[in-house]
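Engineer: For reference, the structure I am asking about is given below.
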Amino acid sequence: MANESPQVSGSATFHAGADAYDRFMGRYSRPLATAFADWCLPADAGTRFLDVGCGPGALTEVAVQRLGASSVVAVDPTPGFVEAFRARHRGVEVHRAPAEHLPFAGGEFDCAAAQLVFHFVSDPERGAAEMARVVRPGGVVAACVWDFEEEMHMLRSFWDAALALDPDAPDEAHIMRFGRPGELTALLRGAGLQHVAETTLRVHSTYANFDELWASFLLGIGPAGAYATSRTPEQQAALRDGLYAQLGRPTGSFALSAVARAVHGTR
Ligand SMILES: C[S@@+](CC[C@H](N)C(=O)[O-])C[C@H]1O[C@@H](n2cnc3c(N)ncnc32)[C@H](O)[C@@H]1O
């Protein structure tokens, strides 16, 4: 089953750029990168690490801190992200490429990791097989995605508000694979990886006020942003009100939490 749909189409929903991405999702993916790396990154310094679907580079940043810039390589198919990555992470090799076609020889890396990427990969089985191919025997392949069933408060509240107004709203929880227990494990096992382990990782982000959250949807990032920006001004106003109600009408600062389902296995 491919992941392609009119609402979820690889890099198409990430064209708004790195700064917009940071305001919408980077605020979660940065703390997640630390938790994910703590869990999956081999402790021995000198590890050659590949960040697959790097975006602006949240996971790369953590890997560079731990391993050094010359040990880290990154790929992403979205041109604007690759450009922003180059500006932000000078000295780190980056390529414009999808997970399904990694431009590396077999066994080049000790660890290949994809953070919040497999929801957007058109051919996830091929992507996982490619990640397995480019790590050495005994090397690690790791991935994580948001667990919509456990908790991704920001997106869950948005889609609940959207569904209350539009029963056909393309709720990510129903469109996307891999957020449920066992799905990422099956993906890695299918790619021939062994000793596959799965866990959940919880992070949160604090908003100064509700307007900060609502404005982040209007940046057009990801399926939720694409849906919000496709609405008429009247529909947007109703969606904003619905989301505000979903969150209990916060009057000041508030935090939302998010749980990622993470997996790693060895080749
Ligand atoms: C939610 S962002 C995650 C970015 C980054 N890893 C992070 O944690 O902030 C999803 C990323 O997947 C990338 N992507 C989309 N299709 C992809 C594919 N087929 N292979 C690799 N990356 C892909 C997008 O360009 C985007 O950078």
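The values are calculated or read from the model by the stated rules, or taken from the named source; none is laboratory data. Since the structure is predicted, the reported quantities are computational estimates derived from the model, not experimental observations. Cβ placement follows ideal geometry from the backbone for every residue including glycine, while neighbour counts extend to all protein chains displayed.
Engineer: Go through the range 36-62 and give me each residue that's of a type in the set (A, V, I, L, M, F, W, C) and crowded, with 19+ Cβ neighbours inside 10 Å.
Structural biologist: Across the range 36-62, the qualifying residues are Phe36, Ala37, Cys40, Leu41, Phe49, Leu50, Val52, Cys54, Ala58, Leu59, Val62.
Engineer: Looking only at the range 227-238, decide whether some residue is of a type in the set (Val, Ile, Thr), at pLDDT 95 or above and over 25 Å from the mean Cα position of the chain (by Cα).
Structural biologist: yes
Engineer: Name, by its number, the condition in (1) on the phi < 0 side of the Ramachandran plot; (2) in contact (Cβ under 8 Å) with a residue 24 or more places away in the chain that does not hold for Gly107.
Structural biologist: Result: Gly107 fails condition (1) only.
Engineer: Just to check your reading of the model, which residue among Val134, Val140, Val145 is in contact with a Lys or Arg (Cβ under 7 Å, 6 or more places away or on another chain) and closer than 20 Å to Gly265 by Cα? Give the derivation first.
Structural biologist: On the way: Val134 fails: in contact with a Lys or Arg (Cβ under 7 Å, 6 or more places away or on another chain); Val140 fails: in contact with a Lys or Arg (Cβ under 7 Å, 6 or more places away or on another chain).
Step by step, each of Val134, Val140, Val145 is checked, and only Val145 is in contact with a Lys or Arg (Cβ under 7 Å, 6 or more places away or on another chain) and closer than 20 Å to Gly265 by Cα.
Engineer: Just give me the residues in the range 77-131 being among the charged types (D, E, K, R) and within 28 Å of Gly179 (Cα to Cα), in sequence order.
Structural biologist: Start the filter on the range 77-131 by keeping residues that are among the charged types (D, E, K, R), which leaves 83, 86, 88, 90, 93, 96, 100, 108, 110, 123, 125-126, 130.
Once the filter is applied, which keeps residues that are among the charged types (D, E, K, R) and within 28 Å of Gly179 (Cα to Cα), the range 77-131 yields Arg96, Glu100, Asp110, Asp123, Glu125, Arg126, Glu130.
Engineer: Moving on. Out of (1) of a type in the set (Val, Ile, Thr); (2) more than 16 Å from the chain's Cα centre (by Cα); (3) within 25 Å of Gly138 (Cα to Cα), the odd one out for Thr200 is which?
Structural biologist: The one condition Thr200 does not meet is (2).
Engineer: Does Phe158 satisfy the criteria of being touching a His at 6+ places or on another chain (Cβ under 9 Å) and either at pLDDT below 95 or not in a strand (DSSP E or B) (or both)? Show your work before the answer.
Structural biologist: Values: touching a His at 6+ places or on another chain (Cβ under 9 Å): no; either at pLDDT below 95 or not in a strand (DSSP E or B) (or both): yes.
No, not satisfied.
Engineer: Within the range 92-104, track down each residue that is assigned to a loop (DSSP other than H, G, I, E, B), hydrophobic (A, V, I, L, M, F, W, C) and in contact (Cβ under 8 Å) with a residue 24 or more places away in the chain.
Structural biologist: To start, the set of residues in the range 92-104 that are assigned to a loop (DSSP other than H, G, I, E, B) comprises 92, 97-98, 102-104.
Right, trim to hydrophobic (A, V, I, L, M, F, W, C) and you get 92, 97, 102, 104.
Answer for the range 92-104, where residues must be assigned to a loop (DSSP other than H, G, I, E, B), hydrophobic (A, V, I, L, M, F, W, C) and in contact (Cβ under 8 Å) with a residue 24 or more places away in the chain: Val92, Leu102, Phe104.
Engineer: Something else about it: Have a look at Phe104, Phe118 and point out the one that is within 16 Å of the chain's Cα centre (by Cα) and within 15 Å of the ligand (Cβ to nearest atom).
Structural biologist: On the way: Phe104 fails: within 16 Å of the chain's Cα centre (by Cα).
Unique residue meeting the criteria: Phe118.
Engineer: Might you let me know whether the range 139-151 holds any residue that is closer than 26 Å to Leu218 by Cα, touching a strand residue (DSSP E or B) at 6+ places or on another chain (Cβ under 8 Å) and more than 15 Å from the ligand (Cβ to nearest atom)? So that I can check it myself, show each step before the final result.
Structural biologist: Here is the first cut: in the range 139-151, the residues closer than 26 Å to Leu218 by Cα are 144-151.
Keeping just the survivors that are touching a strand residue (DSSP E or B) at 6+ places or on another chain (Cβ under 8 Å) gives 144-147, 150-151.
Narrowing the set further to residues that are more than 15 Å from the ligand (Cβ to nearest atom) leaves 150-151.
Yes, the conditions are met somewhere in the range 139-151.
Engineer: Counting residues that are modelled with pLDDT of 95 or more, under 25 Å from Thr199 (Cβ atoms) and within 12 Å of the ligand (Cβ to nearest atom), which helices (runs of 4 or more DSSP H) fully inside the range 27-91 reach at least 2? Even if it seems obvious, please write down each step before you answer.
Structural biologist: Numbers: elements: 27-40, 58-67, 79-88.
The helices (runs of 4 or more DSSP H) meeting that bar are 27-40, 58-67.
Engineer: Among the residues of the range 38-83, what is the count of those that are more than 18 Å from Val117 (Cβ to Cβ) and not acidic (Asp, Glu)?
Structural biologist: We begin by selecting, within the range 38-83, every residue more than 18 Å from Val117 (Cβ to Cβ); these are 38, 42-48, 64-71, 83.
Those still in the list that are not acidic (Asp, Glu) too: 42-43, 45-48, 64-71.
Number of matching residues: 14.
Engineer: Pull up the range 124-142, narrow it to residues that are out of contact with any Pro (no Cβ under 9 Å at 6 or more places or on another chain), assigned to a strand (DSSP E or B) and among the aliphatic types (A, V, I, L, M), then point me to the one that is nearest to Met25 (Cα to Cα).
Structural biologist: It comes out as Ala142.
Engineer: Taking the options Leu184, Leu243, name whichever one is in contact with a helix residue (DSSP H, G or I) (Cβ under 6 Å, 6 or more places away or on another chain), among the aliphatic types (A, V, I, L, M), crowded, with 19+ Cβ neighbours inside 10 Å and not in a strand (DSSP E or B). Spell out the reasoning first.
Structural biologist: On the way: Leu184 fails: in contact with a helix residue (DSSP H, G or I) (Cβ under 6 Å, 6 or more places away or on another chain).
Leu243 is the lone residue from the list that is in contact with a helix residue (DSSP H, G or I) (Cβ under 6 Å, 6 or more places away or on another chain), among the aliphatic types (A, V, I, L, M), crowded, with 19+ Cβ neighbours inside 10 Å and not in a strand (DSSP E or B).
Engineer: Another one. Please state which one of Gly57, Gly53 is touching a His at 6+ places or on another chain (Cβ under 6 Å), small (Gly, Ala, Ser) and under 20 Å from Ala262 (Cα atoms). Lay out the reasoning, then the answer.
Structural biologist: Numbers: Gly53 fails: touching a His at 6+ places or on another chain (Cβ under 6 Å).
From the options Gly57, Gly53, the qualifying one is Gly57.
Engineer: In the set Ala164, Ala237, Ala255, Ala228, which member is assigned to a helix (DSSP H, G or I) and surrounded by fewer than 14 Cβ atoms within 10 Å (Cβ to Cβ)?
Structural biologist: Only one candidate qualifies: Ala237.
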